[in-house]
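One structure is given below, encoded as structure tokens.
Read the figures in this text as sums done on the coordinates, not as results from a lab. Nothing here was measured: the structure is a model prediction, and the numbers come from that model. Cβ placement follows ideal geometry from the backbone for every residue including glycine, while neighbour counts extend to all protein chains displayed.
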Amino acid sequence: MNARPTEDEGRTADGKERLTPAIVEALKNKGLSQSDIAKQYGVTRQYVSWIKHTYGGRLTPRELALRHFPFKVPVEMGNTSPFKRLRDHGEYVATGGVGMSDDKLQRLRSFYRKLREDNLVVEFDPSIPPIPGVSNKGGWAYRERLPEDGDLLIRVNEFTNITDRGRNIWRFPAIDP
């Protein structure tokens with residue numbers, strides 16, 4: 001039995017080099033984004049992310065924080081302002097704002113100000129209909145803060161799965177951006 005690899009191992013059926021965790025890591029270290037890598041290899045950005053998560057690639061601070069994202073959000077409800085601000089908040093908590101754009105940081109400041117000044121929390125429930133100015137896809141609403149919300153940014157309901165670590169992430173930061 002020959003244990004040496006054949007010439008076509010590590011390649012796809014059409015002869016292209018197979019995308020591996022090592023290749024993803026090397027390309028990310030060269031400064032390529034997951035989207036860039038996906039385009040180069042003819043795969044989706046989600047596939048590149050799957051390789052990283054499945055095979056233990058180095059995760060960004062944002063990805064680490066999002067492992068504790070408290071909601072399972074359908075794709076169509078993910079391209080909404082409340083989702084993006086919570087995602088950016090997770091990144092801010094993980095990085096202290098290092099590497100985040102000025103635009104993201106400004107949007108976060110406005111988000112925190114709105115929640116504080118209007119005494120609100122963000123609620124996710126896939127049955128919430130679209131609300132103009134909040135989410136044209138539905139699923140999201142700003143609700144008046146209740147005592148049981150504590151200092152969380154979110155309303156805990158039947159659609160929330162908040163981890164112990166998540167309880168520390170999804171609250172107002174000690175220092176605003």
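About its Cα centre, what dipole magnitude does the chain give when the only charges are +1 on Lys and Arg Cβ and -1 on Asp and Glu Cβ, stated in debye to the nearest 20?
260 debye
Can you give me the Rg/Rh ratio for the stretch 61-170, using Cα atoms for both radii and the Kirkwood formula for Rh?
Result for the stretch 61-170 is an Rg/Rh of 0.93.
Could you pull out the longest piece of the chain with no exposed loop GluC sites (Glu not before Pro) in it, calling a site exposed if DSSP puts it outside H, G, I, E, B and it has at most 12 other Cβ atoms within 10 Å?
Result for the longest clean stretch: 10-157.
Which of the lysines could a cross-linker span from LYS114 if the Cα-Cα distance has to be under 16 Å and same-chain partners fewer than 8 positions apart are dropped?
Counting by Cα, and skipping residues close in sequence, LYS114 has these lysines nearby: LYS84, LYS104.
Quote the FRET efficiency, to the nearest 0.05, computed for ASN157 versus GLU17 with a Förster distance R0 of 41 Å and r equal to the Cβ-Cβ distance.
It comes out at approximately 0.30.
Can you give me the Rg/Rh ratio for the stretch 114-177, using Cα atoms for both radii and the Kirkwood formula for Rh?
0.97
Compute the Rg to Rh ratio over the stretch 17-61 from the alpha carbon atoms, using the Kirkwood formula for Rh, and round to two decimal places.
We get a ratio of 0.90 for the stretch 17-61.
Could you tell me the relative contact order of the chain? Use alpha-carbon pairs under 8 Å, at least six residues apart, and round to a whole percent.
With pairs under 8 Å counted, the relative contact order is 18 percent.
What is the Cα convex hull volume of the stretch 96-145 when expressed per residue in Å³?
Per residue, the Cα convex hull of the stretch 96-145 comes to 106 Å³.
Quick one: if you stick a label point 7 Å off each Cα along the C-beta vector at TYR47 and LEU59, how many nm between them?
2.3 nm
For the chain, what does -39500 (n - 2.57) per DSSP helix run (n ≥ 4), summed and divided by total residues, give at 222 nm, in deg cm²/dmol to the nearest 500?
Taken over the chain, the calculation gives -11500 deg cm²/dmol.
In nanometres, what is the gap between the two model label sites at LYS39 and ARG107, each 7 Å from Cα along Cα-to-Cβ?
Reported label-point gap for LYS39 and ARG107 is 2.0 nm.
Suppose each label sits 7 Å from its Cα in the direction of the beta carbon; what would the ASN29-LYS84 distance come out to in nanometres?
The answer from the label model is 3.4 nm.
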